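Okay, so here's the structure we're looking at.
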Amino acid sequence: MASNASVKRALLLVDIDGTLLRVHRHVTRHVWSETWSVVVGGELPWHRLDSAAGKTDLQILAQLLGDVYTARVLARDFFSVLASHAERAITRDAIELCPGATDFLEAAERSGAVLAILSGNETRIGWHKLRVAGLDSYFVAGFFGGDAIERAELPPRALQWAMSQQYLSQGAWVIVVGDTPNDIACARRYGLGCLAVASGPYSFDELTVHQPMACFRHLGQAALSLHRFLPTHPMARQPIIAIDGPAGSGKTTTARLLAERLGFTYIDTGAMYRALTLAALEHGVPMNDEALAALLERTSIELRHTPQGQRTYLDGRDVTERIRMPDVTAHVSQVSSFPSVRAAMVRIQQQLGARGGVVMDGRDIGTAVFPDADVKVYMTADLATRAERRLEELRATDPTLTLDDVIRQLDERDQLDSSREHNPLRRAEDAIVIDTTNLSIEEQVERIARYIRERVVESSTTLP
Ligand code: DC
């Protein structure tokens, strides 16, 4: 591969098992047992091995033999037989790709990163697994653990190679991608970055404790955030996810959960219009464009992110619950219909989302606030279903409310929101429509998350 000392590069050192793929356990056990009976003799003492995760193959052999010296002496013969067995037994059926593995490698490759393997596997076995899984062609080099008694021996080899290729000159970023605390420890020891993925035996929380640079549930999620970590990525910012739709379509809950899942910031633009409406009601400001725009200028509306979720502050006061009360709901469509109010709100929302990494919900996000959003979703549901959902929420504050009342209110608000002159509620042409009438919240989130994965990874191909 050509190297160029003047180009700032990123080098990703990617682990295999638990990160990119999983080999069925019984197949791995079978391969090791057979090899053991041929090379060492007798039953393989599995009880001596606490866990194989994050270990090198030589380290595993040493643990099984109970002695490092013997392991080193036996290694050549043992791994030669082991690799032959592995090449026969590890077929495509014995391998499961980790979710998002291909998306991640494609995104990394497009972003200009150099990919190499950093794995505890013995060399032949590591390449065999990658080849069978169809992933070998992404990697220009590999650093393996058939002759390393611990994982920490591997990064210096990778770094030495990177230096010889001049990837390290000009301050290239080197990032380890792995699924175990050992991967993280290894990276930290050499001052390298580490992206951890919870697709192996360790959970998200167990990995986070070891303080990787970032932790993801799986590589598909990491693919979305790659540009945060790679100086070479063509996207200047993180994705913007725009979610629009009528009241009660499930936008708010879905957007919040989606943001949590992606590690993005959630911005509820309806809450901003609601806060302004509350300020107008409290100060007796007349409901006209000029008066409301002037009020917005002297009012502070903040969306604060707290451990209890997003809270809305009006002039420093927490109004999160207050803005959901019927008096605010009854006036908010009117307040949000005025052009100067809308123009000012859109400007604020554009600033809030400018750096990306946001899920923003509202009525005009995909059409007016971020017409170039990376992903646009339009959520709908039939009126009766939306009204039932809303009634459920509102019952606590107003037990006298009936389904007919809510249907009437929602219908009226839909009419106002979609018939106003400035930035009415409408589906952006390039938005996908998700009808949530018969979907659970989990299904809504999953569907959008899947779409985002496809869409963002796909769209980065069209960038320069
Ligand atoms: O999503 P919500 O019900 O909290 O929104 C309250 C109102 O605010 C909604 O009826 C219309 C208005 N709104 C808007 O006009 N544009 C947005 N981007 C968000 C909300």
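The values are calculated or read from the model by the stated rules, or taken from the named source; none is laboratory data. The model shown is predicted, which means the values in this text are computed figures rather than measured ones. FYI the Cβ positions are ideal-geometry reconstructions off the backbone, even for glycines, and counts take in every protein chain you see. These accessible areas exclude ligands, DNA and RNA; they are computed on the full protein's heavy atoms, side chains included. Shrake-Rupley method; radii C 1.70, N 1.55, O 1.52, S 1.80 Å.
General remarks:
- Taking 7 Å steps out from each Cα toward its Cβ at Arg395 and Glu297 produces label points 4.7 nm apart.
- Pairwise label distance in nanometres, Ala384 with Glu43, each label 7 Å out on the Cα-Cβ vector: 6.5
- Each residue of the stretch 186-194 was assigned a 3J(HN,Hα) from its phi angle through the Karplus expression (A = 6.51, B = -1.76, C = 1.60, θ = phi - 60°), giving 4, 5, 4, 4, 10, x, 9, x, 9 Hz with x at Gly and Pro.
- Over the stretch 143-184, the reciprocal of the mean inverse Cα-Cα separation, the Kirkwood hydrodynamic radius, stands at 11.4 Å.
- Mean Cβ count within 10 Å, highest first, over the residues of peptides 130-142, 192-204, 212-224: 212-224, 192-204, 130-142
- Positive-end residue, the chain charge dipole about Cα centroid, Cβ charges, pick of Thr123, Val285, Ala52: Thr123
- For the stretch 346-464, projected area of the alpha-carbon convex hull averaged over all directions, nm²: 9.2
- Hz values of 3J(HN,Hα) by residue in the stretch 248-257 - Karplus curve (6.51, -1.76, 1.60), Gly and Pro given as x: x, 7, x, 4, 4, 5, 5, 4, 5, 5
- Potential lengthening of the chain between Glu446 and Glu206 amounts to 84.0 nm, from the contour at 0.36 nm per residue minus the alpha-carbon distance.
- Listed values for the stretch 356-361 are Karplus-derived 3J(HN,Hα) couplings in whole Hz (6.51 cos²θ - 1.76 cosθ + 1.60, θ = phi - 60°), namely x, x, 10, 10, 10, 10, and x replaces Gly and Pro.
- With q set to 0.13, 0.14, 0.17, 0.20 Å⁻¹, the log10 of I(q)/I(0) for the stretch 207-338, from the Debye formula over equal scatterers at the Cα positions, is -0.69, -0.77, -0.96, -1.16.
- Long-range amide H partners of Met379 with built H, under 5 Å: Asp244, Gly245, Ile434
- Accessible surface for Ser440 stands near 40 Å², nearest 10, in the context of the full protein assembly shown (1.4 Å probe).
- Charge dipole (the chain, unit charges on Cβ, about Cα centre) - positive-most of Ala141, Trp161, Met360: Trp161
- Between the stretch 325-361 and the stretch 82-102, the alpha-carbon center distance in angstrom: 51
- Mean residue ellipticity (222 nm) of the chain, computed from DSSP H runs ≥ 4 via -39,500 (n - 2.57), nearest 500: -14500 deg cm²/dmol
- When peptides 404-411, 298-305 are ranked by their average number of other Cβ atoms within 10 Å per residue, the highest-first order is 404-411, 298-305.
- Shape box of the stretch 304-406 [Cα atoms, principal axes, largest first, Å]: 44, 35, 31
- The stretch 1-137 - percent of accessible surface contributed by carbon and sulfur, probe 1.4 Å: 49
- Residues whose amide H falls under 5 Å from that of Trp173, counting only those 5 or more places apart or on a different chain, are Arg9, Ala10, Leu11, with hydrogens built in the peptide plane.
- Averaged per residue, the chain has 45 square angstrom of accessible surface, using a 1.4 angstrom probe with ligands and nucleic acids left out.
- Label-point separation, Arg72 to Leu416 (7 Å along Cα→Cβ), nm: 8.0
- Within the shell defined by Cβ-Cβ distances under 11 Å, the residues around Ser440 carry a net charge of -2, with Lys and Arg each +1 and Asp and Glu each -1.
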